[in-house]
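A.B. asks: One structure, as structure tokens, below. Some questions next.
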Amino acid sequence: MLIVMKLDTPKDHLEKVLSKAESNNCKPHIIYGTTKIAIGLTGETRSLSLDDFMTMDSVVDAMRISKNYKLVSREVKDETLINIGNHIIGDGMLQIIAGPCSVESRTQLFDIAGELKEMGIRFFRAGAYKPRSSPYAFQGLKEKGLELLAEVKKEFGMIIVTEAKDTDTLQQVAEVSDIIQIGARNMQNFSLLEKVGQIDRPVFLKRGLASTIEDLLMSAEYIVTQGNFNVILCERGIRTFETATRNTLDLNAIPVIKQQSHLPIFVDPSHGIGMWDKVTPMAMAAVAAGADGLMIEVHNHPEEALSDGFQSLTPKNFKELLLRIEPIANAVNKKLDLTK
Ligand code: PEP
Ligand code: MN
């Protein structure tokens, strides 16, 4: 159930609504929008009637949400803006997260971070814990990788995005990572989603390999119901019958999610197509379709990369990508946010 209240609702009116919900075994989630306050109720909402709330002071509307996700639904608010560092995710900004697939060494990480910073990139990605399909593939430098990311953060002032692979290492990751990535293979690891929902850090939630858009939104709902509203969704390609590319980048997800949810949506064309020479056109298409940001894998020596080298752009090619997407961003009224 969703209760809509005036933006200037006095505290006592708000408290009456909250206590009515709580005394009926419902959990209220307060969501402040730009024009209204929405209160999403989860739990035993069937025992409540809409009229119970409609007659209360400062309430302008009450409705039932029949979808399988509620708090991430567009009915609750128009857009989630996430402030991080001096940057905003959402609000017409186009943000770029770039970096290598994995942390491999201090030199590798520092060289790439240095080049990206020069280009105005502030969101730096690199996996310390790597959930790989094969147990024999490089699994990441783990704690050492986190230490190196902490050094990059200190040295270059980058905003770090790195993956939390399981609940055991989540806390460690949260100490270094400014945005916690949940990978495609973990999109439906519900214990991990609930735990990350209790941490005060934005979450970058990647769509599962064989998950529908609705599955992605329901996974986001698991995080949000724990109190963490700062979720960034990411389309990174899904499995289809097509074998010419690594995955099929489902750009349909962008306008669909924009209509269904208030959460920002990023696109990762690197994993989506899996071939470095085709990343730029798909990045351009993602921006044209309205993505709030991109995640791009960049490596200074792709041929030596310990993971995903074939889909990684060199810094030179990445610079070209930035030049190509900027006019497209402007054409869709977005501003490419580079720190110059
Ligand atoms: C990654 O970002 O390097 C990664 C492993 O992505 P995904 O979870 O989308 O496969
Ligand atoms: Mn990768």
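A.B. asks: Say the dipole of the range 196-286 comes from +1 at the beta carbon of Lys and Arg and -1 at that of Asp and Glu; which of Q259, V224, T243 then lies farthest toward its positive end?
C.D. replies: Farthest along the dipole direction, towards plus: T243.
A.B. asks: Given P315, V103, A21, which one lies farthest toward the positive end of the charge dipole of the chain, if we put +1 on the Cβ of every Lys and Arg and -1 on the Cβ of every Asp and Glu?
C.D. replies: P315
A.B. asks: With every protein chain present, what is the per residue accessible area of the range 2-63 (1.4 Å probe, Å²)?
C.D. replies: Dividing the accessible area of the range 2-63 by its residue count gives 55 Å².
A.B. asks: Once each part is reduced to its C-alpha centroid, what is the distance from the range 280-340 to the range 176-191 in angstrom?
C.D. replies: 22
A.B. asks: Continuing with the same structure: In Å and whole numbers, how far do the C-alpha atoms of the range 2-63 stretch along each principal axis, longest first?
C.D. replies: 29, 19, 19 Å, listed from the longest principal axis down.
A.B. asks: Expressed as a whole percentage, what fraction of the accessible surface of the chain belongs to carbon and sulfur atoms when a 1.4 Å probe is rolled over the protein heavy atoms?
C.D. replies: With neighbouring chains kept in place, the figure for the chain is 49 percent.
A.B. asks: Say the dipole of the range 2-63 comes from +1 at the beta carbon of Lys and Arg and -1 at that of Asp and Glu; which of L7, F53, I31 then lies farthest toward its positive end?
C.D. replies: Of L7, F53, I31, it is I31.
A.B. asks: Under the definition of Cα pairs under 8 Å and six or more residues apart, what whole-number percent is the relative contact order of the range 243-340? Intermediate results must be reported in sequence, preceding the final value.
C.D. replies: Working: 130 pairs, mean separation 24.2, N = 98.
Relative contact order of the range 243-340: 25 percent.
A.B. asks: Taking the Kirkwood radius as the inverse of the mean 1/r across Cα pairs, report the Rg/Rh of the chain.
C.D. replies: 1.00
A.B. asks: Can you tell me which aspartates and glutamates have their Cα less than 20 Å from the Cα of K11? Leave out same-chain residues fewer than eight positions away.
C.D. replies: In chain and number order, the partners are E22, D52, D57, D61.
A.B. asks: Continuing with the same structure: Please report, in debye to the nearest 20, how large the charge dipole of the range 154-258 is about its Cα centre when each Lys and Arg carries +1 at its beta carbon and each Asp and Glu carries -1 there. Kindly include the intermediate steps, with their values, before the conclusion.
C.D. replies: Working: 11 positive and 14 negative charges, 49 e Å.
The dipole magnitude comes to about 240 debye.
A.B. asks: Then there is this: Of all the Cα-Cα pairs you can form in the range 22-166, what percent are over 19 Å apart?
C.D. replies: Looking at the range 22-166, the distances longer than 19 Å represent 65 percent of pairs.
A.B. asks: Counting only heavy atoms of the protein chains, get the accessible area per residue of the range 82-336 (1.4 Å probe) and round it to a whole Å² value.
C.D. replies: Per residue, the range 82-336 has 39 Å² of solvent-accessible surface.
A.B. asks: How high is the relative contact order of the chain, given as a whole-number percent (alpha carbon pairs under 8 Å, six or more residues apart)?
C.D. replies: That works out to 16 percent.
The values are calculated or read from the model by the stated rules, or taken from the named source; none is laboratory data. Every value quoted in this text rests on a predicted model; they were computed, and no experiment measured them. Cβ sites come from the backbone with ideal geometry, for glycine too, and all protein chains shown count toward neighbours. When the accessible area is computed, the model is the full protein with side chains, heavy atoms only, and any ligands, DNA or RNA have been set aside. Shrake-Rupley method; radii C 1.70, N 1.55, O 1.52, S 1.80 Å.
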